[in-house]
Amino acid sequence: MPFQPIKFYQTGSFVVGNRLLSEDQRSVQSSEDRTNSLTLGHRACQGCGEALGARYALDAAMRASGNQMVVANATGCLEVFTTPFPETSWQIPWIHSLFGNSAAVGTGIAAALRAKGKQDIRVVAQAGDGGTVDIGFGPLSGMFERNDDVLFICYDNEAYMNTGVQRSGATPPAARTATTDAVGPHPGEDFGKGKNLPLIAMAHEIPYVATATVAELRDLEYKVEKAMSFHGARYIHVLVPCPLGWGSAPSDTIRLSRLAKESGLFPVFEAEGGDVTSVSKIRHQVPVEEYLRPQRRYQHLFRPQADTETIGRIQAIADKNISRFGLTQSDPE
Amino acid sequence: MERPFAITLEVGTSRHNKTGSWRVERPVYVDRLPPCNDACPAGENIQGWLYHAESGDYEAAWRKLMEDNPLPAVMGRVCYHPCQTACNRGSLDEEVGINSVEHFLGDLALDKGWMPEPAAADTGKKALVIGAGPSGLSAAYHLRRLGHTVTIYEAGANPGGMMRYGIPKYRLPREVLDAEIRRIEGMGVEIVLNHKVDDLATVLAEKHFDAVFLAIGAEIGKRAYVPAGESARILDAVSFLHSMEGQAPPLLGRRVAIYGGGNTAMDAARTAKRLGATDAVVVYRRTRDRMPAHDVEVEEAVEEGVEMRWLSTVKHADAGKLLLEKMTLDEKGMPVATGEFEELEADSLILALGQEVDLELLQNVDGVVVADGVVQVDRNMMTGVPGLFAGGDMVPGERTVTVGVGHGKLAAKNIDAWLRGTTYSRPERHEIAPFDMLNTWYYSDAPQTVRAKLDVARRRSTFDEVVQGLDESNALFEARRCLSCGNCFECDNCYGVCPDNSVIKLGPGLRYEFDYDYCKGCGICAQECPCGAIKMVPETI
């Protein structure tokens, strides 16, 4: 029998840190010296997934760029809760301009840095799902097309949360928002609408596209670091649960991101030049119901009685993702 | 200061905004009692020593273990590990092989010659321990550690009590036992062998000692009346196992019947098999599931070819054969005779029907209460006589080595308090950490590592040790399967998952602190803590 060394670290890489690993194998977030790009005192709601996702992603980008980085931010929760004038929670160079133009501002900064010969300073542009898939879509598509040297990060909480939970192009079917009420024969958002931005980004054949969730920190950090190793247009789409808009318990933020991935509803993968290169496999598969039930935006699927037909249609979406991306362990690599 | 129009606040960081005021619940770090620690009769801090073993610091792990138990190498072999039965990992995949890691640490310590921490400064107090079994040795060890002068009077020619004269060699090699006892002697404990105390009253009257711990065990095999013909050969299991130490083994014949369903019956049957019996048949009046013997013992006995005759009692013994009566169980599970008989060929019958305490030494002592054949003690392990404590098999409780070691430790703490003129009060027990309090997502999937067993053919014919130890990599793997239930193991999860950066990391070994100025009380840290070491408590107004 061939000799196989045992590598087993109690919690492996699932937790943030691990005292059994050497320093260089630990996550950015486990370090006492992490940048804390987003610092204390910000006004995000309890259990905000976006605040968490932004700190995870930007701290990793700071480390990858050697702390040489500028960030352009679209309008949205992330901008509002961090910078109510005259306070700021940002501990990195950060600029806000408009709702729809963060990709364009990022492009401009990259061009200016190139003109000044400061190639070592990297640019990140970021927005929520509204600023990405709806309002900022044109500038973003342009940035992809021109292959500008910007990493664009979308923090997707699946609606316009800042303005009062209105539907966006990223709102999933059957979800209730302020503009897709849970009334009528097909309550909530319609099936067959909305956009899948990661796939659209891949269609632009840009160097790097990836999806991630706040439940898998190591994966998210790896993808940000990898994205920073490329030049040209790159896109990372991070699922960030919103307790306010989703009607979930603040303490459930990470659990819900995990269930989104484990049910197959949110496929976690990476792609280079338009081709999927790796997927994060489902570890313990769960039916979509487990993901839907703790969220009040799906309450109408369970009360007064279970709407098995609609739940079945959502399960079909998950099943399609599973077969399309090969998300289960048994699938060949 | 000059400020822009309509601006009342200074330009600056959001740190001015103390978001802690939003909170209605606050997270607090707690240490809960892991089920293994809760279940351990010796009161070991199992989670605590596994924590050190996880990082490969075996000496620290062993030292932590030695705080509670002076016989790890013995315990790693003979303990029936109730800790593993209680282990939360059993609800996930398989329980952690705690016993096998203890076995490994115990052997490693003997191998490396690690010595216990030096005893505390001499207190000038003298304690006497009567009986050098697990309970007496444990009490002596702990009393010596606390700085008292300890003498043990042992009736036998060698120390160890039931560990030597009751547990067969194939489960506990004598060199291991000797080495661990020598280590206790090395701390300055004096063991006086061949010194049977026949009259405790005289010893107490001499007042050579400030306190006495009585742990003489239960070494008399119970006899049940079995009508027998003149040439029937009947032995009791305790004397039988005792005679395996040094004396010429008794002649049993080819076919041996063992009457009883406890661990001693299994030990006797397995020993008989090794002495050359072709048939070793255990006769028990109830069924397997009602047998007091532990599962591992029964399984290993069956593997070695021991046969079981359930629902049977011995009615009559004659030369070469036994008359058995078949039994049935009533609705309460009690055996009832059926009147059906059968014969079993057997050259000898070994009775393993339990043991009794030899209480003769107490005859002239006033104030010791004896009930059901055992000595009654209060919760401080003291008998009715001030300064006279008792423990182990001679007091009420399960009769195992581990319970004995636990009694010894508890008695030592009480004797220590008694010698200092105070009373020992047990520290308050932490809340238990149940399985549903864990977030098991975070633990890597890993099945248990099984200790190799000696080949069955060799087990039937030799007294070589049956269960082999783990090697270093296996032991490390096994230790790392620990979930650290209810006790922080510094995984940094709370530090990472806080959306409000309100967890302060204090550095290796120092754990974390909450920054309540900013913590909004979302509860993600508590929900995502793998081991359930964070509790949410309502804020008071």
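Structure above, values below:
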| quantity | calculated |
| --- | --- |
| Alpha-carbon spread of the stretch B:471-541, three principal axes, descending order, Å | 55, 22, 18 |
| Kirkwood-based shape ratio for the stretch B:227-355, expressed as Rg/Rh from alpha carbons | 0.96 |
| Simple Cβ-charge dipole of the stretch B:1-151, Lys/Arg +1 and Asp/Glu -1, about Cα centre, in debye nearest 20 | 580 |
| Selected from A:ILE206, A:LEU113, A:GLY273, residue furthest toward positive end of dipole (chain A; charges at beta carbon) | A:LEU113 |
| Largest-first principal axis extents, alpha carbons of the protein assembly as shown, Å | 108, 65, 54 |
| Binned Cα-Cα distance frequencies in the stretch B:1-66 - 5 Å width, integer % | 3, 13, 12, 11, 9, 6, 5, 8, 8, 6, 4, 6, 6, 3, 1 |
| Protection proxy ranking, peptides A:150-156, A:85-91, B:478-484, A:186-192, average beta carbon neighbours within 10 Å, highest first | A:150-156, B:478-484, A:85-91, A:186-192 |
| Mean separation of Cα contacts under 8 Å, 6 or more apart, over the residue count of the stretch A:31-325: relative contact order % | 17 |
| Per-selection Kirkwood Rh - the stretch B:1-145 (Cα, Å, 1 d.p.) | 19.2 |
| Cysteines not pairable in chain B (beta carbon separation under 4.7 Å absent) | B:CYS40, B:CYS79, B:CYS87, B:CYS482, B:CYS485, B:CYS488, B:CYS491, B:CYS498, B:CYS519, B:CYS522, B:CYS529, B:CYS531 |
| Angstrom value of the Kirkwood radius, inverse mean 1/r, which spans all Cα pairs in the stretch A:202-333 | 15.7 |
| Enclosed volume per residue, in Å³, of the convex hull spanned by Cα atoms of the stretch B:60-120 | 92 |
| Average partner coverage of B:477-486, which counts Cβ from other chains inside 10 Å | 2 |
| Net charge dipole size for the protein assembly as shown [Lys, Arg +1 and Asp, Glu -1 on Cβ; Debye, nearest 20] | 1140 |
| Among B:VAL24, B:ILE7, B:SER91 the positive-end extreme of the charge dipole of the stretch B:1-97 (Cβ point charges) | B:ILE7 |
| Translational diffusion coefficient (Stokes-Einstein; Kirkwood radius from C-alpha pairs) of chain B at 25 °C, 0.890 mPa s, in µm²/s | 94 |
| Cα-centred dipole magnitude for chain B, charges only on beta-carbon of K, R (+1) and D, E (-1), debye, nearest 20 | 280 |
| Whole-angstrom Cα spans of the stretch A:224-263 along principal axes, big to small | 39, 21, 14 |
| Share, in percent, of DSSP beta bridges within the protein assembly as shown that are antiparallel, nearest 5 | 40 |
| Rg/Rg_ref, the stretch A:1-116, where Rg_ref = 2.2 N^0.38 Å and atoms are Cα | 1.37 |
| Whole-number D in µm²/s for the stretch B:83-228 (Stokes-Einstein; Kirkwood sum over Cα pairs; 10 °C, 1.306 mPa s) | 90 |
| Of A:ALA104, A:VAL80, A:PRO139, farthest towards positive along the dipole that unit charges on Lys, Arg, Asp, Glu beta carbons give the stretch A:31-325 | A:VAL80 |
| Hull volume in cubic angstrom per residue (convex hull over the Cα atoms of the stretch B:406-541) | 230 |
| Globularity index of the stretch A:130-259, i.e. its alpha-carbon radius of gyration over 2.2 N^0.38 Å | 1.11 |
| Filter on B:LYS207/B:LYS409; B:LYS169/B:LYS273; A:LYS223/A:LYS281; A:LYS193/A:LYS223; A:LYS261/A:LYS320 - keep pairs with C-alpha separation over 18 Å | B:LYS207/B:LYS409; A:LYS193/A:LYS223 |
| For the stretch A:140-185, convex hull volume per residue from C-alpha positions, Å³ | 97 |
| log₁₀ of I(q)/I(0) at q = 0.19, 0.22 Å⁻¹ - the stretch B:156-232, Debye sum with one point per alpha carbon | -1.01, -1.17 |
| Percent of beta bridges antiparallel (DSSP, chain A, rounded to nearest 5) | 25 |
| Over the stretch A:31-325 - Rg/Rh using Cα atoms and the Kirkwood inverse-distance radius | 0.96 |
| Chain B, relative contact order in percent, only Cα pairs under 8 angstrom and at least six apart counted | 22 |
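Here, each number is a calculation from the coordinates, and none is a lab measurement. The model shown is predicted, which means the values in this text are computed figures rather than measured ones. With ideal geometry, Cβ positions are generated from the backbone for all residues, glycine too; neighbour counts draw on all protein chains shown.
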